[in-house]
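The values are calculated or read from the model by the stated rules, or taken from the named source; none is laboratory data. Please read all numbers here as calculations on a predicted model, not as lab measurements. Heads up, the Cβs are rebuilt from the backbone with ideal geometry, glycines too, and the neighbour counts pull from every protein chain shown.
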């Protein structure tokens, strides 16, 4: 079967098939986590990221493959979750750059796009590591480039890309010793291989390019993303206190339509909308501008958009009505909302007490309350089991209404999404690279509302090495890591990313882990118990730690965090 071009029909089907394949294989990809802990989320992150990308493609009415590639890149950018999702978005960002202004793709175009995607992905990572998704895309792209030099058959090029992604995936354990040690391939590379396999299936006719495997409705796609806490803001404020009551979102096709009488200029476009409300987000390229704004005059927003192009999508929500519904429901629903405002007696309206707002990412009412008590203004619900998307973090930054923002990811797998969000927004935003909840808490001690943004970022990051972070959880499979035999359902103590204690008993595991974390300078211990533990068990851990050293100061807090019965810090 020889194919010499990819049209909009084939490309849309390729993205759809890839989204479906990731969705079906989410649990398998998650299971490839190196540590046998119940927080493997690579499959979830990649699936939700690509679902967002497909949603954008599906709404793009253009027949140009270049336009569809751009839409895919935008959707992936805004929906990217975790490092794997962000790297996937960067691959297709580079892919999109290479396919600009192309109505269809030739075999050479396809090969060049994968090479461009590889280059962009490598540049997006500060210290690229071989044996990961980067290796898989690099080797796959090289094979595609080599094949395109000898044929104009797109199927042959895609076959080479896919087959070599499989070869590269099998090599990841040889390049990254920890993968070989636990007997798995790289989870991100596996996810990418599924994407390339789906592309290959479509071009080979194994998936109908007209119908695809399964066509989700818009409602189903929205539900998939909303299920992961995408773009929803809830807080227990009085509906009458909402100054701008209509959340208005439009997407404008620049220069298209009968009402166009202005040449698009970003600043002119932005400045007018800024006068109509707040929480303004304007993202554009040469062809499309997307707007999110809270306003009392949604009609004016729509009319303004039409002066520059036709309206591809329009969404207007009455936030006062939504808030009335929220208040009528159980108060516990606040816990599940993605962004929570931290109430402060010093805060006025939506403004933080200082010019700087702080956003923390965490999961669990107790943890959220703890961060709020330390001065955090907004909480984005997420963490190990559900990394927030770039859009979630962008929305939180916009919702602060602050002059500048600091974000505490509290998880290294959220760093890239947070950094992408900082690049997208207009508000100056600094990322404090807290890898754990314990580091996030310690970082807050370095915040001074009188300091400049860069001064606070430095002071808060300087605090990070002063704390050791421990986590206790259960093993989801048998494993052998660094000489430790681990059986399914045993408890594991993980200190700063290294498994240091394994036992059938929860208390013994926690105390043993702390014993490995102590040194001559250790003074204070903080125990935070989660929803799989209770205060009685926490008290037993406290007693065991005091037996190790009765001069230690030990505090106990309720965190309500999932996955980890105990989070324990040593300072």
* Look at the stretch 111-127 and say how many of its residues are closer than 20 Å to residue 161 by Cβ and either outside any helix (DSSP H, G or I) or not assigned by TED's automatic domain parsing to the domain that holds residue 97 (or both). => 0
* To do: Scan the stretch 291-324 residue by residue and report those that are part of a helix (DSSP H, G or I) and either at positive phi or out of contact with any strand residue (DSSP E or B) (no Cβ under 7 Å at 6 or more places or on another chain) (or both).
  => 299, 300, 303, 304, 306, 320, 321, 322, 323, 324
* What pairs can you find where one residue is in the stretch 354-376 and at positive phi and surrounded by fewer than 24 Cβ atoms within 10 Å (Cβ to Cβ), the other is at pLDDT 85 or above and part of a strand (DSSP E or B), and their Cβ atoms are less than 8 Å apart, with a gap of 6+ or different chains? -> 375/358
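Out of the stretch 150-175, which residues are in contact (Cβ under 8 Å) with a residue 12 or more places away in the chain and part of a loop (DSSP other than H, G, I, E, B)? Lay out the reasoning, then the answer.
Step one: of the stretch 150-175, the residues in contact (Cβ under 8 Å) with a residue 12 or more places away in the chain are 151-175.
Of everything in the stretch 150-175, those that are in contact (Cβ under 8 Å) with a residue 12 or more places away in the chain and part of a loop (DSSP other than H, G, I, E, B) turn out to be 151, 152, 153.
Could you check, for the stretch 59-73, whether at least one of its residues is outside any helix (DSSP H, G or I) and within 19 Å of the chain's Cα centre (by Cα)? Before the answer, list the steps.
Going residue by residue through the stretch 59-73, those that are outside any helix (DSSP H, G or I) are 60-64.
Then drop every residue that is not within 19 Å of the chain's Cα centre (by Cα), which leaves none.
No - not one qualifying residue is present in the stretch 59-73.
Look at residue 101 and say whether it is surrounded by fewer than 24 Cβ atoms within 10 Å (Cβ to Cβ) and in a loop (DSSP other than H, G, I, E, B). Steps first, answer last, please.
Details: surrounded by fewer than 24 Cβ atoms within 10 Å (Cβ to Cβ): yes; in a loop (DSSP other than H, G, I, E, B): yes.
So residue 101 fits the description; yes.
If I go through the stretch 520-564 residue by residue, how many of them are on the phi > 0 side of the Ramachandran plot and in contact with a helix residue (DSSP H, G or I) (Cβ under 6 Å, 6 or more places away or on another chain)? Before you say what the answer is, go through the steps one by one.
Within the stretch 520-564, the first condition is being on the phi > 0 side of the Ramachandran plot, and the residues that meet it are 560, 563.
Checking the rest, the ones that are also in contact with a helix residue (DSSP H, G or I) (Cβ under 6 Å, 6 or more places away or on another chain) come to 560.
So the count comes out to 1.
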* Asked: Residues in the stretch 78-94: is at least one touching a helix residue (DSSP H, G or I) at 6+ places or on another chain (Cβ under 8 Å) and outside any helix (DSSP H, G or I)?
  -> yes
* Just to be sure, is residue 342 at pLDDT below 85, out of contact with any helix residue (DSSP H, G or I) (no Cβ under 8 Å at 6 or more places or on another chain) and either over 27 Å from residue 269 (Cα atoms) or crowded, with 21+ Cβ neighbours inside 10 Å (or both)? -> no
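Kindly check whether there is at least one residue in the stretch 185-201 that is free of Cβ contacts under 8 Å to residues at least 24 places away in the same chain and under 30 Å from residue 484 (Cβ atoms). Working first, answer last.
Residues of the stretch 185-201 that are free of Cβ contacts under 8 Å to residues at least 24 places away in the same chain, as a first pass: none.
No, there is no match, as no residue in the stretch 185-201 is free of Cβ contacts under 8 Å to residues at least 24 places away in the same chain and under 30 Å from residue 484 (Cβ atoms).
Here is a check on your reading of the model: is residue 471 under 20 Å from residue 413 (Cβ atoms) and in contact with a strand residue (DSSP E or B) (Cβ under 6 Å, 6 or more places away or on another chain)? If you could, list the steps in order and put the result at the bottom.
Working: under 20 Å from residue 413 (Cβ atoms): yes; in contact with a strand residue (DSSP E or B) (Cβ under 6 Å, 6 or more places away or on another chain): yes.
Here the answer is yes, as residue 471 does meet what is asked.
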* Structure fact -> For residue 178, the lone unmet condition from (1) in contact with a helix residue (DSSP H, G or I) (Cβ under 9 Å, 6 or more places away or on another chain); (2) touching a residue at least 24 places away in the same chain (Cβ under 8 Å) is (1)
* To do: Using the structure shown, decide if residue 469 is part of a loop (DSSP other than H, G, I, E, B) and in contact (Cβ under 8 Å) with a residue 40 or more places away in the chain.
  => no
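Checking the condition touching a helix residue (DSSP H, G or I) at 6+ places or on another chain (Cβ under 8 Å), within 23 Å of residue 556 (Cα to Cα) and surrounded by 20 or more Cβ atoms within 10 Å (Cβ to Cβ), which residue from 515, 493 passes? Explain how you work it out, then say what you get.
Numbers: 515 fails: surrounded by 20 or more Cβ atoms within 10 Å (Cβ to Cβ).
Exactly one residue qualifies, and that residue is 493.
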* Structure fact -> All-but-one check, residue 536 against (1) under 28 Å from the mean Cα position of the chain (by Cα); (2) without any contact (Cβ under 8 Å) to a residue 24 or more places away in the chain, failing number (1)
* Asked: Which of the residues spanning the stretch 383-410 are assigned to a loop (DSSP other than H, G, I, E, B) and under 18 Å from residue 77 (Cα atoms)?
  -> 386, 387, 388, 409
* Considering only the stretch 438-451, state which residues are within 19 Å of residue 529 (Cα to Cα) and in contact with a helix residue (DSSP H, G or I) (Cβ under 6 Å, 6 or more places away or on another chain). => 439, 442
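Quick grid of which residues meet (1) assigned by TED's automatic domain parsing to the domain that holds residue 198; (2) over 18 Å from residue 33 (Cα atoms); (3) surrounded by fewer than 22 Cβ atoms within 10 Å (Cβ to Cβ):
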{"site": "132", "(1), (2), (3)": "yes, no, no"}
{"site": "136", "(1), (2), (3)": "yes, no, no"}
{"site": "140", "(1), (2), (3)": "yes, yes, no"}
{"site": "151", "(1), (2), (3)": "yes, yes, yes"}
{"site": "163", "(1), (2), (3)": "yes, yes, yes"}
{"site": "172", "(1), (2), (3)": "yes, no, no"}
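Just a yes or no: is a residue in the stretch 422-431 in a strand (DSSP E or B) and buried (at least 24 other Cβ atoms within 10 Å of the Cβ)? Write out each step before concluding.
Taking the stretch 422-431 as the starting set, the residues that turn out to be in a strand (DSSP E or B) are 429-431.
Now drop any that are not buried (at least 24 other Cβ atoms within 10 Å of the Cβ), which leaves 429.
The answer is yes; a qualifying residue exists.
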